[in-house]
Amino acid sequence: MSPLKQSTNIAARMGRWSARHRKTAIFGWLAFVVASVVIGGMIGMKTIDQNDANVGEARKADHIIRDAGFKLDEQMEYVLVQSKTATADQPAFKTVVGDTLTKLESYPKVSKLRSPYTKGNDGQISPDGHSVLIQFSPKGSYDDAVAYIDTITAGTAAVQKAHPDYLVAEAGSASTGKALDDMFNSQLARAGLISIPITLLILLLVFRSLVGALIPLLLALTAVFATISLAAIPSQIVPMDQAISEVILLIGLAVGVDYSLFYVKRERDERRSGKSESAALEAAAATSGRAVLISGATVMIAMAGMFFSGDKTFMSFAIGTMMVVAVAMIGSLTVLPATLSWLGDRVDKVRLPSFGRKQGNGEGRFWGVVLGAVLRRPLVSAIAAASVLVVMALPALKLHTTQSGFDALPKSMKEVQSLNAVRDAFPGGATPAVVAIKGDTSDPKVQAAVSDLEKQALASGKAKDPIYSEVSPDGSVVRVFIPLVGEGTDNVSNDALTTLRKEILPATVGKVSGVEYAVTGDTASSKDWNDMMKSSAPYVFLFVLSFAFLLLLVSFHSIVIPIKAIVMNLLSVGAAYGLLVAIFQWGWGSSVLDFQKNGGIASWLPMFLFVILFGLSMDYHVFILSRVKEYFDRGMSTEKAVEAGIRSTAGVVTSAAVVMVFVFGVFATMPIVDMKEMGIGLAAAVLIDATIVRAVLLPATMKLLGDWNWYLPTWLEWLPSLEHQTDDVPVVEAEPARLAA
């Protein structure tokens, strides 16, 4: 095999410059991180206005309501008074309700207090008479309300304590929302704190050196901190989702560790093969550095697909993930080689004891055995692996998305139990549809139409009491609150919403000339968002697949490689979808993972998983293929290049996959179903990709195709090449020496 020559590709030149100017590179990186934190803190992160986040008809209704002077972020609280024996018309029951009303009236922050005994509020008394609903609006925005809502809930709790035979339970957007926010934020913080030591532990097992393990982790963390701060700059134009920091941490930790791991392991392997420190670093920069560059570009292209969703949250995720991948990639190509040049063999300082033996160049014995079996019977292996992936993907044909509702919340929380009690007694009352009607509210025709709307909604069987309405201060808009049947986001509620929009409203309000109307609320916003996702998904998929194909085509100068890569990635993603359907939609994992199935997968998850998984899986694919192509370009036959390339990368790919699986798997421990689905989906897909796809299907198909792997039609030979170029200056290369790792 011909020796590796000095490379002139951009990754090699960046690595070479950084090694020669290591002080500039290292201190420049530290200055960049510090400056990013300072600048981000000065600018401040601008987040998405949740009052302007809806799409479709729900957005139109929101604007009608806002323009009329209503507060879109007005909070609503409910106090349920319930007795198993007494009814609302009995004196003892009225006493408990009276005590509750008196307590609420004593708080100056309580407004729009609605008693069930006030004339016209009969809908606030349940049909069986054993439950009544007290409604009020906490003053101020959500942020204002959560600051003082605990005082009010303490008051209703005091009434409950004074009347132990009755249930007095408060729930609502402020009290329940605050409890859920606190729980969610604490769980996210816990996931982040757990993922970092787990990552360090895995890296310690990989490098068996504390210094070597700390390098990838520190580079990834500094990239994450810098990106979280820098995200404040684009947030002034495209506001960020409130969870952007967690998303950046999730992706940044995964790719940052991966890129550094690929680079450091290659440098250490080259060093153990007998090269000098400078030659080993040169080889790592020219090979793994180039793979990092191509992989990073592919991941960013995949993330950019989220721009086509049209959703503000996805667009903010696209910006955040693209930024952290770019920062991690640049760090891996600059400060990493500078650090390795500075440390030299001190990377192996603070050694850990070795457990077991590994084959040379980082390939484990297990994967050596697997690869040997695959290459001996490539056709059988390819058919078997593809069959397993197809079988795993079959449940995905039944995939159904749903906007997670109350059934996704942890049932153990007291506030959720109170909310469920309200929903059981007054179905739909806690999350009603809101009909915005724009017109002259003093017009008798409009008033009669609103009255007919309320009557027909109840008569249709698609709505429940209590139905009530409010007129805007300027008299230009009336909004009608109509609780719909169903769970809020299920098929029953969506069917009720369709009936309201398509039949009841046109037959009542729609007959009054000059009147404009639209429906918003939780059910409407969920339905409209799902509809938008379904219409935009094909564009996202087409963009990601097309640009990934073009990048791989140019990178490897082969039309077979990108086609095969896309097919394999689609099989991997399909298998992950299938597992999600079986575990969560069908509920096969409900007892083990402690959740209640809701008949579908979180509506935001399929698109999110696709772009993330497609991007991350390219890490392994590009890394492995780059090594295979390197061996092929140096004179090996395709068969031998495949065997050598996959053997030499098996250990590092497995290590990188283990890091990702554990980091993503932490999210499966969170109590919210959406987070469980994301954690399981990401972890399972990475595991499938690193084992069945990369260890079996990839080598088997490459062995079967032989030199056809590098086929490029003559009419495409004009394409520019991103392959590493070589000049006539050879890198001194000693004969490989197999050393115990």
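The values are calculated or read from the model by the stated rules, or taken from the named source; none is laboratory data. Just so it is clear, the model here is predicted, and its values are computed rather than measured. Cβ sites come from the backbone with ideal geometry, for glycine too, and all protein chains shown count toward neighbours. The area values use the complete protein model at the heavy-atom level, side chains included, leaving out ligands, DNA and RNA. Shrake-Rupley method; radii C 1.70, N 1.55, O 1.52, S 1.80 Å.
Of note:
- Scanning region 23-56 for residues that are of a type in the set (S, T, N, Q), crowded, with 17+ Cβ neighbours inside 10 Å and within 30 Å of SER173 (Cα to Cα) gives a single hit, ASN54.
- Taking first residues from region 142-159 that are under 15 Å from GLU415 (Cα atoms) and partners that are open to solvent by 80 Å² or more (accessible area, probe 1.4 Å), the Cβ contacts under 9 Å between residues at least 6 apart in sequence or on separate chains come to ILE149/LYS109; THR151/LYS109; ILE152/LYS109.
- Flag if LEU542 is under 30 Å from VAL299 (Cα atoms) and either modelled with pLDDT of 90 or more or in a strand (DSSP E or B) (or both): yes
- Unique match (being assigned to a helix (DSSP H, G or I) and exposed (fewer than 14 other Cβ atoms within 10 Å of the Cβ)) among LYS527, LYS455: LYS455
- Residues that are open to solvent by 40 Å² or more (accessible area, probe 1.4 Å), at pLDDT below 90 and among the hydroxyl-bearing types (Ser, Thr, Tyr), drawn from region 122-160: TYR142
- Qualifying residue in region 75-84 (condition: of a type in the set (D, E, K, R), buried (at least 18 other Cβ atoms within 10 Å of the Cβ) and within 30 Å of VAL515 (Cα to Cα)): no
- Filtered by the rule that a residue be aromatic (Phe, Trp, Tyr) and in a helix (DSSP H, G or I), region 127-148 gives TYR142, TYR148.
- Which listed residue is part of a helix (DSSP H, G or I), more than 28 Å from ALA421 (Cβ to Cβ) and touching a residue at least 60 places away in the same chain (Cβ under 8 Å), from VAL567, VAL554: VAL554
- Pairs are defined by a Cβ separation below 9 Å, a sequence spacing of at least 6 or placement on different chains, a first member in region 21-37 that is farther than 12 Å from THR334 by Cβ, and a second member that is open to solvent by 70 Å² or more (accessible area, probe 1.4 Å); the pairs so defined are LYS23/TRP342; VAL33/PHE225; SER36/PHE225; VAL37/PHE225.
- Hey, ASP465 open to solvent by 20 Å² or more (accessible area, probe 1.4 Å), modelled with pLDDT under 90 and farther than 22 Å from ASN598 by Cβ or not: yes
- Residue satisfying condition, being free of Cβ contacts under 8 Å to residues at least 60 places away in the same chain, within 30 Å of GLY344 (Cα to Cα) and either assigned to a helix (DSSP H, G or I) or touching an Asp or Glu at 6+ places or on another chain (Cβ under 7 Å) (or both), within set GLY289, GLY296: GLY296
- Of all residues in region 277-289, those satisfying the criterion of being open to solvent by 10 Å² or more (accessible area, probe 1.4 Å) and either closer than 16 Å to ALA338 by Cα or within 28 Å of the chain's Cα centre (by Cα) (or both) are GLU277, SER278, LEU281, GLU282.
- Qualifying helices (runs of 4 or more DSSP H) (wholly inside region 172-246; at least 3 residues being in contact with a helix residue (DSSP H, G or I) (Cβ under 8 Å, 6 or more places away or on another chain) and not hydrophobic (A, V, I, L, M, F, W, C)): 175-207, 210-230
- Scanning region 481-524 for residues that are more than 24 Å from ASP73 (Cβ to Cβ), outside any helix (DSSP H, G or I) and hydrophobic (A, V, I, L, M, F, W, C) yields VAL485, VAL512, VAL515.
- Of residues in region 574-586 being open to solvent by 10 Å² or more (accessible area, probe 1.4 Å) and within 27 Å of PRO699 (Cβ to Cβ), the one nearest to the chain's Cα centre (by Cα): TYR577
- Scan of region 106-118 for residues that are open to solvent by 70 Å² or more (accessible area, probe 1.4 Å) and within 43 Å of the chain's Cα centre (by Cα), ordered by number: PRO108, LYS109, LYS112
- Criterion violated by VAL257 - all others in (1) touching a Pro at 6+ places or on another chain (Cβ under 7 Å); (2) more than 25 Å from ILE294 (Cα to Cα) satisfied: (2)
- In region 206-265, the residues that are open to solvent by less than 30 Å² (accessible area, probe 1.4 Å) and among the β-branched types (Val, Ile, Thr): VAL206, ILE215, VAL224, THR227, ILE244, VAL247, ILE248, ILE251, VAL255, VAL257, VAL264
- Residues of region 530-556 that turn out to be closer than 24 Å to ARG290 by Cα and open to solvent by 20 Å² or more (accessible area, probe 1.4 Å), as a count: 8
- Options ILE624, ILE559, ILE566: the member that is surrounded by fewer than 19 Cβ atoms within 10 Å (Cβ to Cβ), farther than 16 Å from LEU399 by Cα and modelled with pLDDT of 85 or more: ILE559
- Residues that are in contact with a Gly (Cβ under 6 Å, 6 or more places away or on another chain), charged (D, E, K, R) and modelled with pLDDT under 85 do not occur anywhere in region 628-639.
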